[in-house]
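Undergrad: Sharing a structure here in structure tokens format.
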Amino acid sequence: MGNNDDLLQGHKNGLLSPKGYEQAENLARTLQNEKVDVIYSSDLARGFETAQIIAKPHGISVQKTPEARERCFGIFEGTSRTQFYRTERNLPNPYENRPEKGESFNDLYKRAKKFILSIISLHLGQTIFLVAHGDFGRMCLGILMDKKVDEAAQIYQTNACLNILEVDKNGRATSCILNQTSHLPKKLVSVNKSAL
């Protein structure tokens, strides 16, 4: 429920808020008739709960993994998300900023690249649903769209948005639909505060 309170969650194991459940249920209804072979999620409760809601109509299990966790913000987890990103934006190279006991965007990009390329190679020709946290999802999208870390951090994403990418065997997106929110009533569209 950290999004409602403007908290930097990172690796904290927060739960979905009532709004988060509604967003996930709307997304699940939108995807219920889509073909899916595998669903991945982080092992953090808020991501895993979202993935389970989406998986239910398909009758498949969610593959949860710590590799798909959000960026670790170290000692800043539980503090103001808005204040953290405002401060980070003003650093000489915000993408190299590694909070104490946390990850930089560059660290996250490397972790996301290893993860996304491994699941693509495991599931060539299959439909993969990835339920991702904000910064981790941006890095995955950036990698698939052949963007550098600073460009990936600028990809606008809202909670429970839908991204559809066709990916070739080399892990490059050949077509993209990004940040689709037409499945969400206006009251459920979240304002994103974390893009640099």
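The values are calculated or read from the model by the stated rules, or taken from the named source; none is laboratory data. No experiment lies behind these values; they were computed from the predicted model shown. Glycine gets a Cβ as well: all are built from the backbone with ideal geometry, and neighbour counts include every protein chain shown.
Undergrad: Please enumerate the residues belonging to the range 69-94 that are touching a helix residue (DSSP H, G or I) at 6+ places or on another chain (Cβ under 6 Å) and either on the phi > 0 side of the Ramachandran plot or surrounded by 18 or more Cβ atoms within 10 Å (Cβ to Cβ) (or both).
TA: Scanning the range 69-94 gives E70, R71, F76, F84, E88.
Undergrad: Quick one: would you say L184 is in contact with a Cys (Cβ under 9 Å, 6 or more places away or on another chain) and surrounded by 16 or more Cβ atoms within 10 Å (Cβ to Cβ)?
TA: Criteria met by L184.
Undergrad: Please find, within the range 137-181, the residue that is nearest to the chain's Cα centre (by Cα) out of those that are modelled with pLDDT under 95 and among the small types (G, A, S).
TA: Checked the range 137-181; the qualifying residue nearest to the chain's Cα centre (by Cα) is A160.
Undergrad: Oh, and also: If I filter the range 162-182 for residues that are touching a Lys or Arg at 6+ places or on another chain (Cβ under 7 Å) and not in a loop (DSSP other than H, G, I, E, B), do I get at least one hit?
TA: no
Undergrad: Among the residues of the range 12-47, write down those that are among the aromatic types (F, W, Y) and farther than 25 Å from L124 by Cβ.
TA: Hit for the range 12-47 is Y21, nothing else.
Undergrad: Within the range 76-116, track down each residue that is within 21 Å of I164 (Cα to Cα) and either aromatic (F, W, Y) or not in a helix (DSSP H, G or I) (or both).
TA: Within the range 76-116, Y109, F115 qualify.
Undergrad: Out of all the residues in the range 117-150, which are in a helix (DSSP H, G or I), closer than 16 Å to C176 by Cα and either basic (K, R) or touching a helix residue (DSSP H, G or I) at 6+ places or on another chain (Cβ under 6 Å) (or both)?
TA: Matches in the range 117-150: R138, M139, C140, G142, I143.
Undergrad: Oh, and also: Only one of (1) farther than 21 Å from I116 by Cα; (2) not in a loop (DSSP other than H, G, I, E, B) is not met by A55, so which one is it?
TA: Here A55 clears every test but (1).
Undergrad: Go through the range 138-187 residue by residue and tally those that are among the small types (G, A, S) and closer than 20 Å to K110 by Cα.
TA: 5
Undergrad: While we're on this one: Which of the numbered conditions does M145 fail, given that it passes all the others? Conditions: (1) without any contact (Cβ under 8 Å) to a residue 40 or more places away in the chain; (2) out of contact with any strand residue (DSSP E or B) (no Cβ under 9 Å at 6 or more places or on another chain); (3) of a type outside the set (D, E).
TA: (2)
Undergrad: Still on this model: Looking at I75, is it closer than 25 Å to E25 by Cα and of a type in the set (V, I, T)?
TA: Considered against the rule, which asks whether it is closer than 25 Å to E25 by Cα and of a type in the set (V, I, T), I75 comes out as no.
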